[in-house]
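Every number in this text was worked out from the coordinates using simple rules, so none of it is lab data. This structure is a prediction, so every number in the text was calculated from the model and none was measured. Every residue, glycine as well, gets a Cβ built from its backbone with ideal geometry; the counts of neighbours run over all protein chains shown.
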Amino acid sequence: MLAPSQSTRLRQREVRDGQSPSLPSQDIPGVVVLPPLLYGIAFVAGSFLHRLLPQPILPLRVAPSIGVVLLLFGAALAVWSRRTMVDAGTSTNPSQPATALVVSGPFRFSRNPMYAARTLLYVGLALLANALCVLAALAPVLLTMHYGVIKREERYLEAKFGNAYEDYRTRVRRWI
């Protein structure tokens with residue numbers, strides 16, 4: 001049985017981590033939003049703002065070429081990351097429990113290659129559209145990803161996989 005002060009701290013941590021203190025702890029990270037939805041909403045909002053305030057990012061002859069290259073790299077990284085997670089037998093969906101700590105494939109270089117891939121895809125599309133508002137909409141996405149998704153996933157993985165995750169975290173950078 002937990003002492004009252006320990007129980008209170010546990011409830012506060014559950015609330016901070018996105019878990020309901022009145023429900024049993026679930027085997028999920030408790031992210032605030034699913035990443036594809038977050039990136040999609042930002043892209044639509046940025047596109048709408050671009051219609052109101054059209055500003056290019058780069059000269060028209062340069063932006064689409066760079067955008068295509070980033071799209072290709074992002075797509076390749078996304079496919080590689082997803083395949084690695086599926087091969088390891090764990091879900092790519094952060095609202096599902098992690099069943100394995102994946103440290104192979106692109107996860108040898110980045111703890112979040114799927115989010116890096118999604119960011120590359122987003123920047124590639126922003127450059128392809130040559131829309132500064134779309135690119136600017138990425139800033140709140142990255143803040144939300146950091147605090148509302150990645151930090152929560154890190155706490156979850158540390159609690160679930162313990163020292164194995166700690167060792168991995170000391171060897172591999174968060175992004176690249």
For the chain, the helices passing both cut-offs (Cα extent along own axis of 30 Å or more, Kyte-Doolittle mean at least 1.0, full DSSP H runs) are 63-88
With R₀ set to 25 angstrom, the calculated FRET efficiency between the beta-carbons of ASP87 and GLU158, to the nearest 0.05, is 0.60
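Peptides 52-60, 71-79: what's the order by average Cβ count within 10 Å, highest mean first? Mind showing how you got there, number by number?
Values: 52-60: 11.8, 71-79: 16.1.
With the highest mean Cβ count within 10 Å placed first, the list reads 71-79, 52-60.
In deg cm²/dmol, rounded to 500, what helix-only [θ] at 222 nm does the chain give when every DSSP H run of at least 4 residues adds -39500 (n - 2.57) and the total is split over its residues? All intermediate terms of the calculation are to be shown ahead of the outcome.
Numbers: 8 runs with 106 residues, N = 176.
So the helix-based figure for the chain works out to -19000 deg cm²/dmol.
Hey, what's the Kirkwood Rh for the chain if you take every pair of different alpha carbons, in angstrom? List each step's numbers first, then the result.
Values: mean 1/r = 0.0561 Å⁻¹.
Result for the chain stands at 17.8 Å.
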If every Lys and Arg gets +1 and every Asp and Glu gets -1 at its Cβ, then about the Cα centre the chain yields a dipole, in debye to the nearest 20, of 240
